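The values are calculated or read from the model by the stated rules, or taken from the named source; none is laboratory data. All values derive from a computational prediction rather than experimental measurement. Neighbour counts are summed over all protein chains in view; Cβ atoms, including those assigned to glycine, are modelled from backbone coordinates with ideal geometry.
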């Protein structure tokens, strides 16, 4: 009796209502890329790129563009994206967004925080898409460039960033939450990756461009965008990005170091080391009233190529090379930090947070005007590279060549 | 008895909510009570009202059954 | 009323544990009296068995006394009858008059097993059971001679629970064979078989077998009580018994274990369970059963323990797969697209392009189709069954996909679910998953993953509330018993398994005393 | 075999129920977010205090073995006053159960089902609780046993998965105790002590039905400590993966932490699974409170509680919706009103007031029975 009543109740609720949140796969469009440009009449112009699923069908792959895009103007992202169906037949699903392209003018003039909030708030958006600042071209163009290998452009960008991060390091590894965290943090300023288009974006939009061996247009990573609070204030080059990453969390990288410090420019000789394991530590201290920024870096590396005429079977060579790498890397990193200090005066490295962790009392006082403190601080970078091994050969064959021949 | 319990609990909890609302919203008691009964909290409030009503009917049925059992036991 | 009396009487005779024919025929309209006059008896029995072509009364003469042999021709082998009974009578036809029936037996049939029937009920019962009954004029008793039975099916390999390693015998329809199969494996005087007769009309023999030294007395009492309460016209298979004595009928889960493997039954009996053997059914039941029994095959104990543990885990996993995979697909594809990795989602979406049905309908139709095919395959004659499977695989699988009616991934899911549902060693259990799967699909169509979980929780609550002969159905898991875990989800080596399941409250809880662990012989001396 | 008149649960089942009860809504709403990166210390302090509190509850129960909270109240205050106080407790239990239910409904509607009416979630959840309680305390305990491995392993696994996804940054825990103990203590009392730990006062209705009552004190204290450890573990995960700043802003911290998981590029976006793991914790919590209320009603109204399971749970489903107009109100009530005016009186003040009375009455009774015996 009671159970029947309960069953009846359940059945009634079910029958009366139906399924609220369900949506068929045939009725959704999976958005992989979003691009934000300044609008002409309204605040923003949003472009979404969604996958054309027929392209992925194994049985009868349709010949056509792998993605379609749709552009609309409006004052806020949720409104525009809800309105997208004026031109798109399916409901847009944003949970698989892979890349968010932000036009540099938007980032410079309006700041990014206004739309980042809606992204963070929405349960649809995940924390796994890349925030990319687009240079030179409109963000819209980036959502359209085809790629012969990956087909879906945003997937391509994300994959290439991921791979780059593993092999060389050139992406700050910033996700939405990290970015927002950095905006509100007092001891850190946000950064984001930048991308550029190489080639002609008009040609790159064609599906036929996939037929060509050399793609007419390619999306390329191009270093770092530096923000003050939520406004873009400048850029760093790819090399600086790597140096920046070195202070943060570098997975691995490859670096070439000159054999002699002052060698002739005509035929410089280099040796390459691959960093396999990296540990960096930031310390911020106050000496009197002068802030001191310290970076301690310890890396394990192995030698990957050798143009110098050095005998790698000897301990002394290893020590010598280690010292050279130490110095080179130290210089590089110091240069980058000083450049940021001088040019932008914002602490993108998080030294302020380090101070907060290490000297909480002091930090409480100085953090409100931390950027000024950062700009005038002394920088001290301490690098220690440990060369562990040298590949499958000990001596390079180059060192067996008669010296003259090598020079000729 | 079950029906009585049902009404006591129902009324008591509503009263409690109203009192807490008074505290939180700084409103008068009358306002809070009227807010509880106005159908503005959700368009689908009908569902829960229906289930609460079902609970009420059930409790009446339960009372009836208890009484019937008692009578049959006595006789 | 009648049966109540019957039960009441039975209790009185509990100790000698023999059911008399009187009890069986109490409620039927048969007179009880066995007359001294042969004519009266003849008339009585002829009346009772009229219209049965196989009932025969052969008049014979014992010296000068009139007598007759009556039997059912179909229930005994006529050769034996001729050899043992009729032939041994003839040479002595001129024998002097016998005083009583026992001297007749001594003289004529010293080698044939016999019974005396002093009531008419007993005569009828013996005739029905395939005896040849000799009624002699002027005697107060009839002599029933047991003649060899009719042909029966030989012991074959089990058809529903095949194994690779282990005994290949299976129970047959004959209860005596079945009991002997168990007796052969457990040579122990404590192994008891008590006989009951169930069914008003069929009067089928039901034997409960148990180890009096192991089985808990309360459980035994409860089982007997339930058997005595059985009130039904006819019992044709142990499946009927299962429904009549289980604690709850309104559940998709089988509360009583059945098998046609004698070794499996012996294992259960040795753990302290009670076996129920019904005459005419090759499926023997054991009670009380717990959920985990249905995931155990007797082969688990014959294979190396690591392997059988792994296989057991596979069974649990496949049970879950068979239950939730289709609904998971519905939930993921219509509610939680974000849970799928992008590439997977893209390829599934691409496959679903152009499929005209919603995912729920699609999977419902396919599951239904599969169930129809399975039923057809089971009922069809074996030769046709193959055709069904070919048609099913080709037409439903290939053609439906190519026509764009269903998506590829769905066919994979339905097929995989089907295979997974076959893994359970006990057929009964896979039935429950089949049934629940459909409800689960419905729930997931309404609430997505939330609905799936909702249903699973309700299912667990239901499972937990079930009992089999008073023992919690989920025993050893809930209520949890850490000491039982050596033979639930994994199987420890045989030598480590020293205890009988404690949830059965066995009279002797330990299987063995020693703690011997097999090991290589110790090295002798300092040796090289 | 024979039907027992009183239902019993084993010690293990009690521990399981307590554990899931503790984890339940903590996993949903998160605790100690006000104390930033020191939240885990706050939880640790609260755990120790909570264990003491629970010991006190069981100590009270031990004075009158076999009687639950309501029977104890009547014993202390006489029939009518006892009934009135008991009724207040009933209201408290039912109200909190509705609140917990609402917590979960908010989670579901804001994370998974954006357009599903919250009412439907509430009804279905309370329906399950009602079904379980209708089948009895034993079934409740066993259901807990079935689900505890999943709840436990998943909570452990979240941490490991976050660790392997490389989102686990111990740096976020620094500085430890930057502002000293002051803010922590302020947060522990009243909020942290009452919210996951003090709520165990409901178990004063359940503990008397444990089969080995003598060991109940040890087991409950131990369980509280273990669940405290798990909550610390969860809080550590949240801080380390999200950072203190983000943790403050998120409504459902553990969920947000789980969002960071990304293993093998396949195990991603598992936060939904977390929701469903949490679901059982919520069911336990709602059911325990509901059971407490029902048992109280049974005692006050003299009607077996099974008759009232369905009507009362339907009310809970309704109240859970009515309890607040929006999420903000819900949270604000949880911070400003509930701890001070509901938790503290019912969890701490009242039992402490009752303790001397109880001890005195028990002694009196004993003396009287001794006197009777000697006569």
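Filtering the range C:177-223 to residues that are touching a helix residue (DSSP H, G or I) at 6+ places or on another chain (Cβ under 8 Å), within 14 Å of chain D (Cβ to nearest Cβ) and assigned to a helix (DSSP H, G or I) leaves C:219, C:223. For the range A:308-363, what are the residues that are free of Cβ contacts under 8 Å to residues at least 24 places away in the same chain and within 14 Å of chain D (Cβ to nearest Cβ)? If the condition is that a residue be free of Cβ contacts under 8 Å to residues at least 24 places away in the same chain and within 14 Å of chain D (Cβ to nearest Cβ), then A:357, A:360, A:361 are the ones that fit. The helices (runs of 4 or more DSSP H) found wholly in the range D:1-102 and carrying at least 2 residues that are surrounded by 19 or more Cβ atoms within 10 Å (Cβ to Cβ) and within 14 Å of chain C (Cβ to nearest Cβ) occupy D:11-29.
Remark: residue C:445 falls outside the filter, which requires a residue to be in a helix (DSSP H, G or I), under 29 Å from the mean Cα position of the chain (by Cα) and in contact (Cβ under 8 Å) with a residue 24 or more places away in the chain. Within the range A:238-282, the only residue that satisfies the criterion of being part of a strand (DSSP E or B) and surrounded by fewer than 13 Cβ atoms within 10 Å (Cβ to Cβ) is A:279.
Tell me yes or no: at least one residue of the range A:283-304 is part of a helix (DSSP H, G or I), surrounded by fewer than 18 Cβ atoms within 10 Å (Cβ to Cβ) and modelled with pLDDT under 85. No: zero hits.
Check whether at least one residue in the range D:157-172 is within 14 Å of chain C (Cβ to nearest Cβ), in contact with a helix residue (DSSP H, G or I) (Cβ under 8 Å, 6 or more places away or on another chain), in contact (Cβ under 8 Å) with a residue 40 or more places away in the chain and under 25 Å from residue C:477 (Cα atoms), and report yes or no. Within the range D:157-172, none of the residues are within 14 Å of chain C (Cβ to nearest Cβ), in contact with a helix residue (DSSP H, G or I) (Cβ under 8 Å, 6 or more places away or on another chain), in contact (Cβ under 8 Å) with a residue 40 or more places away in the chain and under 25 Å from residue C:477 (Cα atoms).
Of all the residues in the range B:1-60, those that are assigned to a helix (DSSP H, G or I) and in contact (Cβ under 8 Å) with a residue 60 or more places away in the chain number 2. Yes or no: residue A:328 in a helix (DSSP H, G or I) and in contact with a strand residue (DSSP E or B) (Cβ under 6 Å, 6 or more places away or on another chain)? In short, yes.
Got at least one residue in the range D:223-238 being closer than 24 Å to residue D:289 by Cα and within 14 Å of another protein chain (Cβ to nearest Cβ)? Within the range D:223-238, not a single residue is closer than 24 Å to residue D:289 by Cα and within 14 Å of another protein chain (Cβ to nearest Cβ). Out of the residues in the range C:461-494 that are within 7 Å of chain D (Cβ to nearest Cβ) and surrounded by fewer than 21 Cβ atoms within 10 Å (Cβ to Cβ), state the one that is nearest to residue C:292 (Cα to Cα). Per the criteria, the residue is C:479. If you go through the range C:439-457 one residue at a time, do you hit one that is surrounded by fewer than 19 Cβ atoms within 10 Å (Cβ to Cβ) and either closer than 20 Å to residue D:131 by Cβ or assigned by TED's automatic domain parsing to the domain that holds residue C:320 (or both)? The answer is yes; a qualifying residue exists. The condition of being over 27 Å from residue C:480 (Cα atoms) and more than 14 Å from chain A (Cβ to nearest Cβ) holds for only one of C:296, C:338, C:375, C:353, that being C:375. The set of residues in the range D:296-338 that are more than 7 Å from chain B (Cβ to nearest Cβ) and more than 27 Å from residue B:38 (Cα to Cα) comprises D:296, D:298, D:299, D:300, D:302, D:304, D:305, D:306, D:309. Going residue by residue through the range D:286-293, is there one that turns out to be under 28 Å from residue D:116 (Cα atoms), more than 21 Å from the chain's Cα centre (by Cα) and more than 13 Å from chain B (Cβ to nearest Cβ)? So far as the range D:286-293 goes, no, none of its residues is under 28 Å from residue D:116 (Cα atoms), more than 21 Å from the chain's Cα centre (by Cα) and more than 13 Å from chain B (Cβ to nearest Cβ).
Here is a yes/no grid of residues against (1) in contact with a strand residue (DSSP E or B) (Cβ under 8 Å, 6 or more places away or on another chain); (2) assigned to a helix (DSSP H, G or I); (3) within 14 Å of another protein chain (Cβ to nearest Cβ):
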| position | (1), (2), (3) |
| --- | --- |
| C:312 | yes, yes, no |
| C:322 | no, yes, no |
| C:327 | no, yes, yes |
| C:344 | no, yes, yes |
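Considering the range A:75-131 alone, what residues qualify as being assigned to a strand (DSSP E or B), within 14 Å of chain C (Cβ to nearest Cβ) and surrounded by 17 or more Cβ atoms within 10 Å (Cβ to Cβ)? Correct list: A:92, A:93, A:99, A:130. Evaluated against (1) buried (at least 23 other Cβ atoms within 10 Å of the Cβ); (2) not in a helix (DSSP H, G or I), residue A:337 falls short on exactly one condition, (2). Screening the candidates C:389, C:407 for the property of being more than 10 Å from chain D (Cβ to nearest Cβ), buried (at least 20 other Cβ atoms within 10 Å of the Cβ) and at pLDDT below 90 yields one hit, C:407.
Within the range D:112-127, can one find any residue that is more than 14 Å from chain B (Cβ to nearest Cβ), closer than 30 Å to residue B:52 by Cα, crowded, with 22+ Cβ neighbours inside 10 Å and in contact with a helix residue (DSSP H, G or I) (Cβ under 7 Å, 6 or more places away or on another chain)? Yes: one or more hits. Checking each residue of the range C:417-427 against the condition of being outside any loop (DSSP other than H, G, I, E, B) and crowded, with 22+ Cβ neighbours inside 10 Å gives at least one match.
For the condition part of a helix (DSSP H, G or I) and buried (at least 24 other Cβ atoms within 10 Å of the Cβ), what is the one hit in C:265, C:277?
Values: C:277 fails: part of a helix (DSSP H, G or I).
Exactly one of C:265, C:277 is part of a helix (DSSP H, G or I) and buried (at least 24 other Cβ atoms within 10 Å of the Cβ), namely C:265.
Scan (1) surrounded by 15 or more Cβ atoms within 10 Å (Cβ to Cβ); (2) in contact with a helix residue (DSSP H, G or I) (Cβ under 6 Å, 6 or more places away or on another chain); (3) more than 20 Å from residue D:89 (Cα to Cα); (4) within 7 Å of another protein chain (Cβ to nearest Cβ) for the single condition residue B:45 breaks and write down its number. The number of the failed condition is (2).
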